[in-house]
Amino acid sequence: MAKASTWLAEIDFSQLMDLRIDYAFKLLFTKGNPRILISLLNAIFANKKIKRVIKSLTVKNPYLDKESNDDKLSILDIRAELGDGTTILIEMHMYGLGELKAKTIRSWARAYGEDLEVGASYAAQPPTITIAFTNGAIASIKNDKNLCIADDKIHKLCMIMDCENFAIFTNAIELHYIDMKAFAKAVNEANSIIIGDTEEVMFAKWLSIITQKEITNKAIIESACEEEEIFMAVSALARQSEDKIIRQAYQRRQDEIYFYNKERADDRRIMEQQAAEIEKLRKEIETLRANQSV
């Protein structure tokens, strides 16, 4: 793409908004050409060899209705509906990973069957798919010891299955967790986007654009922009990044995330210090008891 090569030579990627910030992510994939979001979703499904090819979709209201006045309001980054009625929920998470599994399952439960009409067959209800981009690993439960363990998977697909024969029990629920932090780390170490469980090239290219702030070899980013839909996305992102009003709203959201993470980091440090002090005191008591028994 000669046009892309000329344009890429002029763009300063360091000035682009970070797509890991949910405000920028939502703006690009809902306000741009629908082909951008369709391409990203098809790449995600292809990476897990899911035979689902999206040709069109409709972006819906991201608010999930409350079931009661006391219910907690759920706001998604992107909510889309496919032609067959399948609902896709997409969220970008730079914090709060400890609650993410519960949050995504709850959002799925709220959305699944939301539009089911009275008298309609439950079996006819189209599936609901949740996709969460995360800045860290989402731990799984290790069955034999009932322990939560993290892995180095970049793309984790979770479904309901029969625990004895591991057959898929239903396709009603499909949860995708995409670890952006693990992807960027692996790319920088291998100097290639084809790493780990990113076998689908288009999926890897999209991830390299989403995490481009962390990718050290910018030639990888430029190569991804040779894809037409990615070129369209980065072009739109460049225009949005130059808009002063958009930039101010983006900066406010970026600051909110920074201070949220900083507070949680400070809380963790305090808890670790307290735990260390308790352990020190425990050892001192044990030493005193041992000396008294002599």
A correct fewest-to-most ranking of V201, V53, V187 by other Cβ atoms within 10 Å would be V53, V201, V187
Suppose each label sits 7 Å from its Cα in the direction of the beta carbon; what would the L288-K48 distance come out to in nanometres? 5.5 nm
Which links in K103/K153; K51/K205; K31/K185; K153/K218; K55/K213 stretch past 26 Å when you go from one Cα to the other? K31/K185; K55/K213
Measure off 7 Å from each Cα along the Cα-to-Cβ vector at K55 and E99, then give the distance between these two points in nanometres to one decimal. 4.2 nm
Most exposed first, judged by fewest Cβ atoms within 10 angstrom, C225, C163 run C163, C225
Roughly what would the spin-label model give for Y260 and Q248, points 7 Å off Cα along C-beta, in nm? 2.3 nm
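Bear in mind that the values in this text are calculations on the coordinates, not laboratory data. No experiment lies behind these values; they were computed from the predicted model shown. Cβ sites come from the backbone with ideal geometry, for glycine too, and all protein chains shown count toward neighbours.
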